[in-house]
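Presented below is the structure to which this report refers.
The values are calculated or read from the model by the stated rules, or taken from the named source; none is laboratory data. Since the structure is predicted, the reported quantities are computational estimates derived from the model, not experimental observations. Here the Cβ positions follow ideal geometry from the backbone for every residue, glycine too, while neighbour counts run over all protein chains shown. Surface accessibility is based on the protein's heavy atoms, side chains included, excluding ligands, DNA and RNA. Shrake-Rupley method; radii C 1.70, N 1.55, O 1.52, S 1.80 Å.
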Amino acid sequence: MNIADSMRSIIAAESQAIASIPYTPDYDKAVELIIEHVHKRGGKLVTSGMGKAGHIALNIATTFSSTGTPAVNMHPAEAQHGDLGVLQPNDVLLLVSNSGYTREIIDLIELAEKLYPGIPTIVITGDPESELAKLATATLTTGNAPEVCPHGLTPTTSITMMTVICDILVVNVMRLTGFTKDQYALRHHGGSLGSKLCCC
């Protein structure tokens, strides 16, 4: 297979995977949790993940922050060495694990629950029956499509799915909170976007 054929095959596989992401009422619940705890109660969104999923968690935090929802990323291992202190009573956890069995993320839920009993948790995972899914307040599943990696191992398709789920959450929170272009401009002064949006 040449590069052109491989490219078309990968795009087709990932496009099909995106189109197959299953909707459940937990999407509504996740958006409601973020709006209630962050926008109404003054908390923040705290994201976390390990490995490749950790990079997606960081992206989720920065995207939410730039669109009017205060968010921070917390490394789950560092959380056990003091970073858990970033949590506050009205926060929401958003945790990312394709397997749903990532030990560090499971430990993070348990530690957060000890600090603030009842803290709501949104989980993005490929396995809706996993340990993490069972611990979550809202579970958003990727659909667990096969990875496009030739060995079916490297996080590829799953990472794409997680990014799309992030976009679903961000866009709907923006829509329901009435976040405006002017509000975006106040948070994004640099780069080409900043020059297009500057309103000050």
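At-a-glance table
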| quantity | calculated |
| --- | --- |
| Filtered residue count, the stretch 134-158, keeping only those that are in a helix (DSSP H, G or I) and buried (at least 21 other Cβ atoms within 10 Å of the Cβ) | 2 |
| Qualifying position, being out of contact with any strand residue (DSSP E or B) (no Cβ under 7 Å at 6 or more places or on another chain) and not in a helix (DSSP H, G or I), among GLY43, GLY68 | GLY68 |
| Evaluation of ILE122 against (1) open to solvent by 60 Å² or more (accessible area, probe 1.4 Å); (2) aliphatic (A, V, I, L, M); (3) closer than 30 Å to ALA13 by Cα (one fails), failing number | (1) |
| Residue check, LYS52 surrounded by 13 or more Cβ atoms within 10 Å (Cβ to Cβ), touching an Asp or Glu at 6+ places or on another chain (Cβ under 8 Å), farther than 15 Å from VAL123 by Cβ and charged (D, E, K, R) | no |
| Long-range neighbours under 9 Å by Cβ, at least six apart or interchain, first residue at positive phi within the stretch 91-111, second among the small types (Gly, Ala, Ser) | GLY100/GLY126; GLY100/SER130; GLY100/ALA133 |
| Leading residue by the ranking (farthest from SER65 (Cα to Cα)) among those in the stretch 159-179 that are open to solvent by less than 60 Å² (accessible area, probe 1.4 Å) and not aliphatic (A, V, I, L, M) | THR160 |
| Per-region count, the stretch 107-132, residues closer than 21 Å to GLN80 by Cα and either not aliphatic (A, V, I, L, M) or not in a loop (DSSP other than H, G, I, E, B) (or both) | 18 |
| Output for the stretch 32-74, where each listed residue is under 17 Å from ALA112 (Cα atoms) and of a type outside the set (A, V, I, L, M) | HIS37, GLY43, LYS44, THR47, SER48, GLY49, ASN73 |
| The stretch 1-40: number of residues that are touching a helix residue (DSSP H, G or I) at 6+ places or on another chain (Cβ under 7 Å) and not in a helix (DSSP H, G or I) | 1 |
